[in-house]
Amino acid sequence: MGGRFKEKEGFQLEAFLDSPQVAKRVANFAKADTVYLQGETCSSVLYIKSGTVKLSATNEDGKEAVIAIMEAGDFLGETCLSGPSELVATAMAMEATTVWVIQKKEMLRILREEQDFGNYFISYLLRRNAKTEADLIDQLRNSSEKRLARALLILARPDKEGSTVTNVPYIPQETLAGLIGTTRSRVNLFMNKFRRQGFIDYSNGTLRVHSSKIGGVLHE
């Protein structure tokens with residue numbers, strides 16, 4: 001089943017999720033709205049149709065750590081598929097964001113009945129797991145300057161855009177600092193350095209990342 005959503009370039013994820021074959025509801029969030037809270041019961045899988053979402057976790061002392069920046073095409077809340085569980089992070093919209101909410105029972109059904117989607121979803125989870133492992137290694141091995149360069153490359157997603165210059169949604173320096181485990185002042189220092197070196201620039205309030213140039217930082 002689901003064969004009509006498969007073309008030469010691969011499975012058409014959004015066409016499938018937007019079809020009558022998938023029961024879902026649409027949820028819209030304004031900038032700074034909470035999508036879900038850490039500790040809430042996980043009961044559905046969310047697909048980000050548009051926008052950007054920050055995932056962060058807070059410890060018992062109230063200290064917040066930024067776990068990831070999720071963008072259009074990413075899934076959230078997939079841990080509900082493994083059984084009753086609590087959400088380990090808070091998700092907050094960083095800009096106007098639209099998500100498709102698929103209840104756990106429906107998600108399990110389409111995973112079981114739609115092989116093409118199941119294959120896509122497994123591949124997505126494996127890629128995300130590999131990125132999580134790479135993030136941990138990055139924290140252990142690399143300087144904060146290299147961690148920032150890598151974070152900007154990931155946010156730029158040059159492999160998807162097919163371009164060496166990519167616009168990146170506005171992300172506060174405090175958020176970038178939390179993402180790479182350093183201070184805002186250090187991020188500001190490196191961002192100014194990257195701009196002087198031509199690795200990044202700003203156009204009409206949008207950050208532009210020159211992927212082919214900033215990638216060299218990781219090999220220094």
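Here are the numbers for the structure shown:
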| quantity | calculated |
| --- | --- |
| Label selected from [x] 31, 21, 16; [y] 29, 21, 17; [z] 46, 19, 16, the criterion being semi-axes √(5λ) of the Cα gyration tensor in Å as computed here | [x] |
| Lys/Arg +1, Asp/Glu -1 at C-beta; the chain dipole; positive extreme among Pro172, Ile67, Ala30 | Pro172 |
| Largest-first ellipsoid semi-axes for segment 108-149, taking √(5λ) over the Cα gyration tensor eigenvalues, angstrom | 34, 8, 6 |
| Unit charges at the beta carbon, dipole of the chain: most positive-side option, Gly205, Thr97, Thr41 | Gly205 |
| Electrostatic dipole magnitude of segment 143-219 [Cβ: Lys, Arg +1; Asp, Glu -1; Cα centre; debye, to 20] | 180 debye |
| Sparse-neighbourhood loop sites, GluC sites (Glu not before Pro) in segment 57-147 - DSSP loop, at most 14 other Cβ within 10 angstrom | Glu60 |
| Rg and Dmax [Cα atoms of segment 143-219; Å; Rg one decimal, Dmax integer] | 11.3, 32 |
| Potential lengthening between Asn59 and Arg208 on full extension [0.36 nm per residue; Cα-Cα distance subtracted] | 50.3 nm |
| Out-of-range pairs (alpha-carbon distance over 29 Å; input Lys63/Lys131; Lys49/Lys193; Lys31/Lys131; Lys104/Lys131) | Lys49/Lys193 |
| Reciprocal mean inverse distance between Cα atoms of segment 80-175 - Kirkwood radius, Å | 16.7 Å |
| For segment 94-121 versus segment 188-205, the gap between their alpha-carbon centres in whole angstrom | 37 Å |
| Per-pair calculated FRET efficiency, R0 = 22 Å: Leu140 and Ser50 via Cβ, rounded to 0.05 | 0.05 |
| Long-range HN-HN contacts of Gln12 with modeled amide H, under 5 Å | Lys6, Glu7 |
| Values of log10 I(q)/I(0), in the order q = 0.21, 0.25 Å⁻¹, for segment 29-118 under a Debye, Cα-only, solvent-free model | -1.03, -1.28 |
| Student exercise, segment 3-136 dipole from Lys, Arg, Asp, Glu Cβ charges, in Debye to nearest 20 | 400 debye |
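Every read-out reported here was derived from the displayed coordinates using simple, explicitly stated rules and does not represent laboratory data. None of the values given here were measured: they were computed from a predicted structure. Don't worry about glycine lacking a Cβ; one is built from the backbone with ideal geometry, like all the others, and counts go over all protein chains shown.
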